[in-house]
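K.L.:
Questions regarding the structure given below will be posed in turn.
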Amino acid sequence: MLRSEGDTRSWILKALREAGSSVASEFAGLSERDLTARPAEGELSIKEIAAHLRDAENLAARQIRSALERPGKTLPHHDIDLLPMERDYRRSDILEVIGDFRRTRSETVLTLWGLSDPEWESGGRHPYRGEISVETIARELAQHDLEHLWQVRRLKAQMNVSVRVSTDRDEFDSPVDQP
């Protein structure tokens, strides 16, 4: 579906594709030590941030599907900010985490790409936030990517690890498709 250049939804789709690829590329080539180092007590390591992004992507995908399949109903929800501390994400395989993130991101972007205007506006009920639309979920997901992209870059700079921006789509198994 072609959208006009000034269209907010086009921006959201572009941001999700590009930030998803940029976020994933930030983890390439890092040592296990760099991936698992926590900057301070109670703060997340780079690997834990990657797993958090995967969790956020999975939750957003479930919420979007729910909003489209059951408009107006309660959306899936859980506090994904607690999961890195509850689960031992520092032992996770980074390639598996990033592969899962990218596969789900690709599915999310493809789903959003094909939506009609009424579908973008459909939504559901969040137990704490009230009514939210598919567009709101997608916009907040793009903003969430950017927040963590900068967080990872700051951590890499603090560790004197090269901050690189890569568009090499062969670094991980599952590229984010661009419709």
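Here, each number is a calculation from the coordinates, and none is a lab measurement. What you are looking at is a predicted structure, and each value in this text was computed from that prediction instead of being measured.
K.L.:
Using θ = phi - 60° and the Karplus curve 6.51 cos²θ - 1.76 cosθ + 1.60, what whole-Hz ³J(HN,Hα) does each residue of the range 91-103 get, with Gly and Pro shown as x?
P.N.:
8, 5, 7, 4, 5, 5, 4, 5, x, 4, 4, 5, 5
K.L.:
Tell me, what HN-Hα J-couplings in whole Hz come from the Karplus equation 6.51 cos²θ - 1.76 cosθ + 1.60 at θ = phi - 60° for each residue of the range 36-49, using x for Gly and Pro?
P.N.:
So the J values, rounded to whole Hz, are 9, 5, 8, x, 6, 4, x, 9, 7, 7, 4, 5, 5, 5.
K.L.:
Right, here's the next one. What per residue convex hull volume, in Å³, do the alpha-carbon atoms of the range 1-132 yield?
P.N.:
127 Å³
K.L.:
Below 8 Å between Cα atoms, with a sequence gap of 6+, how large is the relative contact order for the range 1-145 in percent?
P.N.:
Computed over the range 1-145, the figure is 33 percent.
K.L.:
Here is a further query. Pull up all non-local amide H partners of HIS126: gap of 5 or more, or a different chain, and H-to-H distance under 5 Å with H placed in the peptide plane.
P.N.:
Here the answer is LEU75, GLU131, ILE132, since their amide H atoms fall under 5 Å of that of HIS126.
K.L.:
Using the Karplus equation 6.51 cos²θ - 1.76 cosθ + 1.60 (θ = phi - 60°), what ³J(HN,Hα) coupling, rounded to whole Hz, does each residue of the range 73-80 give in order, writing x for Gly and Pro?
P.N.:
Taking θ as phi minus 60°, the curve returns 8, 5, 7, x, 7, 6, 7, 6 Hz for the range 73-80.
K.L.:
So which lysines can LYS156 reach, going by Cα to Cα under 19 Å and dropping same-chain residues fewer than 8 places off?
P.N.:
Partners found: LYS47.
K.L.:
Still on this structure, I have one more. How long are the semi-axes of the ellipsoid equivalent to the range 30-86, from square roots of 5 times the Cα gyration tensor eigenvalues, in whole Å, largest first?
P.N.:
31, 12, 5
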